[in-house]
Structures are given as C-alpha cells and as structure tokens.
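The values are calculated or read from the model by the stated rules, or taken from the named source; none is laboratory data. Predicted, not measured: the structure shown is a model, and the values here were computed from it. Backbone-built Cβ (ideal geometry, glycine too); neighbour counts: all protein chains shown. Keep in mind that these areas ignore ligands, DNA and RNA; they rest on the heavy atoms of the full protein, side chains included. Shrake-Rupley method; radii C 1.70, N 1.55, O 1.52, S 1.80 Å.
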Amino acid sequence: INVIKMKDVSKVYDNGAVALDNINISIKRGEFVFIVGTSGAGKSSFIKLLLREITPTAGTVTINGYNIKNMDNHDIPYLRRSLGVIFQDYRLLPNKTVYENVAFAMRVIESPRRLILRSVNSVLDVVGLREKYKCFPNQLSGGEQQRVAIARAIVNNPAIVIADEPTGNLDPETSWEIMDIFQRINAAGTTIVMATHDKTIVDTMQKRVIAIENGHIVRDESIGGYGYEI
Ligand code: ADP
Ligand code: ADP
C-alpha cells in the first residue's frame with residue numbers, strides 16, 4: 001500500500017523557477033527513504049509538497065490517500081495528524097518543558113488528559129528522555145533537543161515521519177543516536193522520509209535512496225548510497 005504517491009508532479013514558483021519537473025514516485029508503508037541532492041536540486045520543494053506547505057503546479061500528490069490539491073478543508077487536520085515532522089533546527093517551544101513540548105501536540109487535538117500522560121511518558125521512553133521531562137529546551141544538548149522533537153513528532157502515532165536534515169546541526173556520534181531512534185520507529189512500522197546531506201549515514205544505513213537534481217529524479221535505488229563526493 002502506497003502512503004505517498006507523486007504522479008507527473010511539477011512545481012514552478014511564481015518567479016518562473018522550476019523546482020520539480022515531472023516527478024513520479026511511490027513510497028510504500030514501512031519504507032525508509034533518503035532524499036539526497038545538491039543545494040537547489042529541489043529537495044525542500046519535495047518535502048514541502050509532502051507537508052502540503054505548497055501544492056503542485058501540475059500533477060497529483062497523494063498522501064495517505066488524500067490528494068493534497070483538492071482535498072476537503074475538514075480533512076486537512078487529519079492529514080496533518082498522520083504526518084510527524086522533524087527539522088534541522090528542532091523548533092521546540094522555548095518556554096515549555098520537555099513534557100509540555102510533547103504534550104502540546106496532543107492538547108491541540110484535544111486528547112484526553114490520561115491518554116496524554118500515558119503517551120508522552122511512553123514516547124519520552126522511546127527517545128530516552130523520561131528523566132528530563134521537566135527540563136526546558138535551553139537546558140538540553142542539541143541531540144537531546146532533537147530527541148524531544150522526535151518524541152513530539154511521533155506522539156500522535158503518525159503513519160509517516162518526514163525529517164528535513166535532522167542531523168544537520170549534530171556531531172557524528174549524536175547523529176547516530178538520532179538514526180538509531182529512527183531505525184526503531186521505522187521497525188515499528190512507520191514510514192520515514194529523510195532529506196539529508198550526511199554521506200556517512202546514507203552509505204551506512206543501506207536504505208532506499210531517491211536523488212534529485214535540477215528538479216528531476218536522477219536515481220531511485222531500493223538499497224542505495226549517497227553517491228556524491230563531499
Ligand atoms: P533544495 O532544497 O534541494 O536546495 P529547493 O527546493 O529549495 O532545493 O529549490 C529548488 C529550486 O527552486 C531552486 O532553483 C530555488 O531557487 C527555487 N525556489 C525554491 N523556493 C522558491 C521560492 N519560494 N520562490 C522561488 N523560487 C524558489
Ligand atoms: P553537548 O556537549 O552534547 O551539547 P551539553 O554540554 O549542552 O551537551 O549538555 C550535557 C548535559 O548537561 C546534557 O545532558 C544536558 O541536558 C545537561 N545540561 C546542559 N546545560 C544544562 C542546564 N543549564 N541545566 C541543566 N542541565 C543542563
């Protein structure tokens with residue numbers, strides 16, 4: 001079953017820049033996919049389409065069965081809830097504790113208090129941060145902040161986790177701690193799509209690799225490597 005499908009997808013920005021040109025891909029439930037490519041290749045536009053931050057100029061993007069261009073407005077919250085998102089710069093709420101940063105994702109969808117307590121504790125265990133639940137983001141290392149962001153991303157059990165350069169600000173050892181968590185989330189059945197410039201991680205993980213250049217998919221290998229010199 002495909003959780004992500006792009007058919008003949010192009011994205012042309014208002015200034016005429018062609019970011020994506022006739023993209024065709026399918027990603028199945030449970031896959032782990034790296035998106036690689038040089039700067040300006042179209043990776044961010046690809047990720048923004050998955051998050052419905054932009055819509056395609058042409059073609060069809062289907063996420064969890066929703067066509068992102070002509071979906072019902074009342075379905076948009078359900079689409080958002082089925083996606084967990086992780087950024088390079090963590091994007092935690094600075095004035096909230098670790099616990100509250102994660103719980104917030106459940107409060108906005110009005111989950112019952114007892115479910116929130118149980119779910120937040122459970123995902124803090126998954127990322128190894130249960131004992132830091134009272135800390136504020138500025139009391140945590142970069143790797144710990146990213147682990148909070150992962151906990152927040154998975155607390156509502158999304159079908160897909162989308163990570164945009166999640167290890168971009170982290171040293172190699174900390175990056176591997178993050179990848180270890182992604183491996184476990186993926187092993188539990190969650191689809192993971194990760195844009196990255198980290199050659200070592202891509203070469204070591206032996207997962208599917210989609211390479212984008214000049215808005216085109218130039219490579220799509222079920223077990224691939226980074227493929228660029230750094
Ligand atoms: P990457 O993430 O691989 O660096 P992007 O998707 O950001 O690639 O960019 C692909 C192309 O689209 C580039 O030529 C970029 O300049 C252009 N582009 C990206 N965002 C915009 C925008 N908001 N307006 C105009 N052009 C854009
Ligand atoms: P790194 O070198 O990986 O960035 P830090 O030196 O920032 O790590 O933090 C090391 C440990 O100390 C972490 O477990 C972090 O949670 C803790 N820590 C750092 N700053 C504070 C603080 N202001 N209050 C409480 N704990 C802190």
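Just to be sure before I move on: is Ile185 surrounded by 20 or more Cβ atoms within 10 Å (Cβ to Cβ), in contact with a helix residue (DSSP H, G or I) (Cβ under 9 Å, 6 or more places away or on another chain), outside any loop (DSSP other than H, G, I, E, B) and at pLDDT 95 or above in the structure I sent? So Ile185 fits the description; yes.
Taking the listed residues Ile162, Ile178, Ile201, Ile154, the one that is modelled with pLDDT of 95 or more, over 14 Å from Ile86 (Cα atoms) and crowded, with 19+ Cβ neighbours inside 10 Å is Ile201, with no other qualifying. Filtering Asn64, Asn95 for residues that are modelled with pLDDT of 95 or more, in contact with a strand residue (DSSP E or B) (Cβ under 9 Å, 6 or more places away or on another chain) and either open to solvent by 30 Å² or more (accessible area, probe 1.4 Å) or of a type in the set (Lys, Arg) (or both) leaves a single hit, Asn64.
Within the range 11-46, the residues that satisfy the criterion of being under 14 Å from Asp164 (Cβ atoms), of a type in the set (A, V, I, L, M) and more than 9 Å from ligand 1 (Cβ to nearest atom) are Val33, Val36. State whether one or more residues within the range 174-192 are in contact with a strand residue (DSSP E or B) (Cβ under 6 Å, 6 or more places away or on another chain), of a type in the set (A, V, I, L, M) and under 21 Å from Ile4 (Cβ atoms). Yes, because at least one residue in the range 174-192 is in contact with a strand residue (DSSP E or B) (Cβ under 6 Å, 6 or more places away or on another chain), of a type in the set (A, V, I, L, M) and under 21 Å from Ile4 (Cβ atoms). Looking at the range 31-54 only, could you name the residues that are free of Cβ contacts under 8 Å to residues at least 40 places away in the same chain and of a type in the set (Lys, Arg)? Those that are free of Cβ contacts under 8 Å to residues at least 40 places away in the same chain and of a type in the set (Lys, Arg): Lys48, Arg52.
Residues in the range 197-230 that are under 21 Å from Ile178 (Cβ atoms) and of a type in the set (D, E, K, R) were compared, and the one that is nearest to ligand 2 (Cβ to nearest atom) is Asp198. Can you say whether Val85 is away from ligand 1 (no atom under 16 Å from the Cβ) and open to solvent by less than 70 Å² (accessible area, probe 1.4 Å), as far as the supplied structure shows? Criteria not met by Val85.
For every residue, the table says whether it meets (1) in a helix (DSSP H, G or I); (2) surrounded by 18 or more Cβ atoms within 10 Å (Cβ to Cβ); (3) within 12 Å of ligand 2 (Cβ to nearest atom); (4) among the polar types (S, T, N, Q).
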position: Glu100; (1), (2), (3), (4): yes, no, no, no
position: Ile109; (1), (2), (3), (4): no, no, no, no
position: Arg114; (1), (2), (3), (4): yes, no, no, no
position: Arg118; (1), (2), (3), (4): yes, no, no, no
position: Glu131; (1), (2), (3), (4): yes, no, yes, no
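Tell me whether the range 6-27 contains one or more residues that are small (Gly, Ala, Ser), under 26 Å from Ile150 (Cα atoms) and open to solvent by less than 60 Å² (accessible area, probe 1.4 Å).
yes
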